[in-house]
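K.L.:
Sharing a structure, written as C-alpha cells. Questions coming.
No value in this document is a laboratory result; all are computed from the given coordinates. Quick caveat, the model's predicted, so the values are computed rather than measured. No Cβ is skipped: glycine too gets one built from the backbone with ideal geometry, and neighbour counts run over all protein chains shown.
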Amino acid sequence: MDRLANKRILLGITGSIAAYKAGEVVRRLRDAGAEVRVVMTRGGTEFVTPMTFQALSGQPVHLHLLDADAEAGMGHIELAHWADAILVAPASADFIARLVLGRADDLLSAVCLASRVPLVLAPAMNSGMWHNPATQANIRTLQSRGVLILGPDEGKQACGEVGAGRLLATEPLLAGLSEVFGRGLLTGKTVLVTAGPTREAIDPVRYLSNHSSGKMGFSIAEAAVEAGARVILVAGPVTLPTPDHLQRLDVVSAGEMFDTVMAHIQGVDIFIATAAVADYRPLRVTENKIKKKAERMVIELEPTPDILSEIKARYPGLFCVGFAAETSDLETYARDKLQRKGIDMIAANWVGPAAIETEGAFGSDTNALRLFWPDGEAELTVAAKPKLARQLIGHIVQCYQNRPPRSKHTDTKVVSLPDVKRTPGS
Ligand code: PMT
C-alpha cells in the first residue's frame, strides 16, 4: 500500500447502494497517504450526500459538468490532468455501459474520457445485472482497452439475492489500485520481450505454425513500458497494433527471431521469452509450390535454434524469464525447463483443451500463470492478460532485485560459445 503515498486519486462514485462503502475507501486512501478528490454522478448522490465525502476527503466534491462556477475552479479537464489514477467505486452497470460508448454527458464520464491515467473500476450491482451478457461484454471491452476491473465480490446483496455483484472489500480494492503504481520499478532498465508465433516455411505458400496471438507477450511489453523500462518487442506474425513507447521488430521464422534477439540483446537487463517459437522447421524449403502427387507425403524436420537457452548460455548474468505452454503435467515440465534452460524464472500456463478455466491461453483475452524460480513460486489466478502481465512484471522485478550478487556483476559478460546448438525438447 506504500505505493499510494502522495498519489492523487480521483474517486468516482456512481449510483449503487454500495456508494455508502466509498466513505471507507476515501478514509483508507487518505490513511495510505493519498490525496483524494471525489466526483459523484447524479445517481451516486441519490444514495449518499456529497457532504459526507467533502468531510472525509477534506475537499469540495465535484458534481456537475456544465457548472460555470465549478469549471472556473477545477473543471473536468483539470480534474483529468490532476489525477494520477481514477478509481470508480462503486461502478454501476449503467456507468460501465456509458464508458464503453465513450459518453461524456456528465462530469465523471467526461473526466474518464479526457484522462490518460490508469482507470480502475470496482463494479457493484445486482448479480443478475452483473452476469447479464451485455454487462459481461462491456467489461471485456473495457479490459481490452486496458481498464483494470477489481471485483466484484460474491455474497449476500442488499436486494436480498446471493451472488456476484458486491463491491470488493476495501483492503483488496486498494491493493489492486496500488498495482497500477508499479510503474517506475524498471526505470533505467531495458527489457526485451518476444511475442507471438513463428512460421516455418514448407514451400512458398505453406508453413508450420501455432495458435499464439501475441496478446500475452504484447501485454507484458506494455506492462514493462508502464513500469518505466525501455522495451524492445520482437514479434512474430500477429495482427496486433504496436503499443506506444516501445521499439517493435517484426520477424516471421524462428531463425529470424533468433537473429533479431541476438542483434539487440547487448545492454538488455531482462529477457522475457513469451513467443511460441516453433521447435522444428522443415529441413528443406522447396523453391516452388509442392504439387499434390503422391498418396502420402513426409516432411523432414530439423530443430530450430533454442533462443532462450542460447541467450542464457551466452549471457549467464542476464535475467531470463521463459514461458512453458503445457497440455499436461504443468509443474513437472515447467520446473524441468527452468532447470534445463538454466533460466531465472518460468511462467507456466495451460494451453489447448487443458486450459478450460483460462478459456485457452492461446488467443484468449484471459490467462492464468504459475511462476517458478529456483527458490520460490507464485500463482497468478485467471485474469485479463494486461492485468496478469502487470502482476508478472511485479514478480520479475522482485526476483531481479533479489538475484544473487554474482549475477549482478556478470550482467553484461558475454560467454563465447561455438555456433548455435540445436536443442530439441523446448
Ligand atoms: O500469444 P497468446 O495467444 O496470448 O498466447 C500466449 C502463449 C500461450 C503463447 C504464452 O503464454 C506462452 O506460453 N508462450 C510460450 C509458448 C512456448 O513456446 O512454450 P514452450 O514450452 O514450447 O517453450 C519454452 C520456452 O522456450 C518459451 O519461453 C519459448 O519462448 C522458448 N523457446 C522455445 C523454442 C525455441 N526454439 N526457442 C525458444 O526460445
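K.L.:
Please work out if G184 is closer than 27 Å to T274 by Cα and buried (at least 19 other Cβ atoms within 10 Å of the Cβ).
P.N.:
no
Yes or no, residue by residue, for (1) away from the ligand (no atom under 16 Å from the Cβ); (2) closer than 24 Å to D250 by Cβ; (3) not hydroxyl-bearing (S, T, Y):
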site: D279; (1), (2), (3): no, yes, yes
site: N288; (1), (2), (3): yes, no, yes
site: E295; (1), (2), (3): yes, no, yes
site: I307; (1), (2), (3): no, yes, yes
site: I311; (1), (2), (3): no, yes, yes
site: G317; (1), (2), (3): yes, no, yes
site: A324; (1), (2), (3): no, no, yes
site: T327; (1), (2), (3): no, no, no
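K.L.:
Do you know which residues across segment 340-349 are under 18 Å from the mean Cα position of the chain (by Cα) and either more than 9 Å from the ligand (Cβ to nearest atom) or surrounded by fewer than 22 Cβ atoms within 10 Å (Cβ to Cβ) (or both)?
P.N.:
Scanning segment 340-349 gives a single hit, M345.
K.L.:
Something else: Looking only at strands (runs of 3 or more DSSP E) that fall completely inside segment 147-266, which ones have 1 or more residues that are away from the ligand (no atom under 16 Å from the Cβ) and in contact with an Asp or Glu (Cβ under 9 Å, 6 or more places away or on another chain)? Give the steps one after another, and end with the answer.
P.N.:
On the way: elements: 153-156, 162-166, 190-195, 200-203, 206-208, 230-235, 247-250.
Of the strands (runs of 3 or more DSSP E) lying wholly inside segment 147-266, those with at least 1 residues that are away from the ligand (no atom under 16 Å from the Cβ) and in contact with an Asp or Glu (Cβ under 9 Å, 6 or more places away or on another chain) span 162-166, 190-195, 200-203, 230-235.
K.L.:
Also, I was wondering about something else. Can you name the residue in segment 42-83 that is buried (at least 16 other Cβ atoms within 10 Å of the Cβ) and assigned to a loop (DSSP other than H, G, I, E, B) and is also nearest to the chain's Cα centre (by Cα) among such residues?
P.N.:
Out of the qualifying residues, it is A83.
K.L.:
If I ask for residues that are closer than 22 Å to P316 by Cα and of a type outside the set (A, V, I, L, M, F, W, C), which ones from segment 248-270 would you list?
P.N.:
Selection gives G255, D259, T260, H264, Q266, G267, D269.
K.L.:
Let me ask something else. Please go through segment 307-319 and give me each residue that is under 17 Å from A263 (Cβ atoms) and not in a helix (DSSP H, G or I), ordered by number.
P.N.:
Across segment 307-319, the qualifying residues are Y315, L318.
K.L.:
From the set of residues in segment 374-398 that are crowded, with 20+ Cβ neighbours inside 10 Å and away from the ligand (no atom under 14 Å from the Cβ), which is nearest to the chain's Cα centre (by Cα)?
P.N.:
R390
K.L.:
Restricting to segment 329-356, name every residue that is in a helix (DSSP H, G or I) and polar (S, T, N, Q).
P.N.:
Those that are in a helix (DSSP H, G or I) and polar (S, T, N, Q): T332, Q339.
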